[in-house]
Amino acid sequence: MRSAKDFFAPLAVGAPAPLREIPARPSRAIHFFDPGNPKMAAKVPDMVGKVDVLLGNLEDAVKAENKETAREGLVTIGQETDFGPTQLWTRINALDSPWVLDDLTTLVRAIGDKLDVIMVPKVQGAEDIHYVDRILAQLEAKAGLDRPILVHAILETARGVANVEEICGASPRMQGLSLGPADLAADRRMKTTRVGGGHPGYLVREDPTDGDIEGARSTHQQDLWHYTISRMVDACAMHGIYPYYGPFGDIADVVACEDQFRNAFLLGCVGAWSLHPKQIAVANKVFSPSVEDVKHARRVIDAMGDGTGAVMLDGKMEDDASVKQCKVMVALAEELAAIDPELKSQYDAIEIG
Ligand SMILES: CC(C)(COP(=O)(O)OP(=O)(O)OC[C@H]1O[C@@H](n2cnc3c(N)ncnc32)[C@H](O)[C@@H]1OP(=O)(O)O)[C@@H](O)C(=O)NCCC(=O)NCCSC(=O)C[C@H](O)C(=O)O
Ligand SMILES: [Mg+2]
């Protein structure tokens, strides 16, 4: 068993000290690109400043024969690009794959100073995070880095979901969790064939009228991911890290994508993956509090004075607990306004009278 104090010490001589708090950096869209695909790579410089996170993907969706090209492509992009306010993340190959060791050793040495977060796929338990944690400390020491690279786990196996709390608390490097609905569905033997989103067969039907089971009865599609996202949100909140919805594979259906992202936002997620440039705008919209919500939150905070007691506002009771929710909303709006001038002007224009 480790002492709590062990978490304050680097895991390798010369490695940077672990962080005590994970910074709340805007990450509404984690935009995936294949660094070995010349067309996608060419679009990266223009995306800087327009998306919160650019993620060079090395794992699934990159063909086995292109793994080295993708890794080298990411090194070139990392070295040649000024990322400004945009974070640079990567998704490495799975820990049991033949590529992961080279992914880590190459990337930390070559672009460790640019990499903010390493996303680790198919994390099963704390042992996977401990493995990455120690290797990263050794590589950071060797590369002379002065800040730790953070780690993000994808929850995409039944074992990972069962161990979600210990995964989140396994290292001070843990930045957050994403749902990996496609791999998770396969691992759970769910009978779906999609990458995220709903399914028309997963529904509840209204009770029959007068026992007429053949009569017209409305149905309501349910959210396949509600349970997993809720578990992720609780585990992340408990450990002071951040939950994300993962991919929505139906690129053409931006309407359903927006709905799925919004469900995640309302439940507590801070962002989602974008697989195609058109999904960036969807995520940026959904994961930014609306002007109406920020206005209402500011009115409640204003009406609540020192934040204690109870008041009536627009016929509704507000108290210590509702003001706390409003502060979450306003704090997020302020973080986003700091990097998004358009949002800032919208929020600044709010009059709370
Ligand atoms: C989904 C795609 C294969 C679609 O690509 P394409 O058919 O080329 O789309 P378009 O013709 O509409 O593209 C228009 C132009 O935009 C460029 N493009 C497309 N996608 C991106 C991108 N992500 N970043 C940058 N640029 C992009 C195209 O090259 C076109 O350029 P041009 O011809 O010059 O105009 C493709 O979007 C794609 O591969 N996306 C990424 C897929 C991915 O990363 N998948 C892995 C994540 S999901 C996952 O792993 C599952 C998860 O782990 C789980 O278990 O659930
Ligand atoms: Mg996956």
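What follows is calculated from the coordinates using simple rules that are stated; it is not laboratory data. Not measured: the values here are computed from a predicted model. When we count neighbours, we look across all protein chains shown, and the Cβ atoms used for this are built from the backbone with ideal geometry, even at glycine.
Results, tabulated for the structure shown:
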| quantity | calculated |
| --- | --- |
| Residue within the stretch 195-207 that is part of a loop (DSSP other than H, G, I, E, B), within 28 Å of Arg28 (Cβ to Cβ) and touching a Phe, Trp or Tyr at 6+ places or on another chain (Cβ under 6 Å) present | yes |
| Strands (runs of 3 or more DSSP E) lying entirely in the stretch 52-171 (those with 1 or more residues that are over 30 Å from Val282 (Cα atoms), in contact with a Leu (Cβ under 8 Å, 6 or more places away or on another chain) and within 15 Å of ligand 2 (Cβ to nearest atom)) | none |
| Subset of the stretch 222-236 (residues that are among the aromatic types (Phe, Trp, Tyr) and either within 16 Å of ligand 2 (Cβ to nearest atom) or touching a Phe, Trp or Tyr at 6+ places or on another chain (Cβ under 8 Å) (or both)) | Trp225 |
| Subset tally (residues that are within 16 Å of ligand 2 (Cβ to nearest atom), in a loop (DSSP other than H, G, I, E, B) and closer than 25 Å to Pro172 by Cα) for the stretch 237-290 | 2 |
| Helices (runs of 4 or more DSSP H) wholly inside the stretch 291-353 that include at least 2 residues being over 29 Å from the mean Cα position of the chain (by Cα) | 291-303 |
| Sole exception among (1) within 16 Å of ligand 1 (Cβ to nearest atom); (2) under 22 Å from the mean Cα position of the chain (by Cα) for Asn163, by number | (1) |
| Residue list for the stretch 175-217, filter: free of Cβ contacts under 8 Å to residues at least 12 places away in the same chain, loosely packed, with under 12 Cβ neighbours inside 10 Å and out of contact with any Pro (no Cβ under 7 Å at 6 or more places or on another chain) | Arg189, Lys191, Thr193, Gly201, Asp207, Thr209, Asp210, Gly211, Asp212, Ile213, Glu214, Ala216 |
| Output for the stretch 13-50, where each listed residue is in contact with a Pro (Cβ under 9 Å, 6 or more places away or on another chain), touching a residue at least 40 places away in the same chain (Cβ under 8 Å) and among the hydrophobic types (A, V, I, L, M, F, W, C) | Ala15, Ala17, Leu19, Ile22, Phe32, Met47 |
| Enumeration of residues in the stretch 245-264 that are buried (at least 22 other Cβ atoms within 10 Å of the Cβ) and more than 12 Å from ligand 1 (Cβ to nearest atom) | Cys257, Gln260, Phe261, Ala264 |
| Test result for Val62, within 16 Å of ligand 1 (Cβ to nearest atom) and under 15 Å from Trp273 (Cα atoms) | no |
| Within the stretch 26-51, considering residues that are part of a loop (DSSP other than H, G, I, E, B) and crowded, with 19+ Cβ neighbours inside 10 Å, the one farthest from ligand 2 (Cβ to nearest atom) | Pro26 |
| Filter result for Asp207 (within 16 Å of ligand 1 (Cβ to nearest atom) and charged (D, E, K, R)) | no |
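Residues checked against (1) polar (S, T, N, Q); (2) touching a Lys or Arg at 6+ places or on another chain (Cβ under 8 Å); (3) under 22 Å from Tyr244 (Cβ atoms):
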residue: Arg134; (1), (2), (3): no, no, no
residue: Leu139; (1), (2), (3): no, yes, no
residue: His152; (1), (2), (3): no, no, yes
residue: Asn163; (1), (2), (3): yes, no, yes
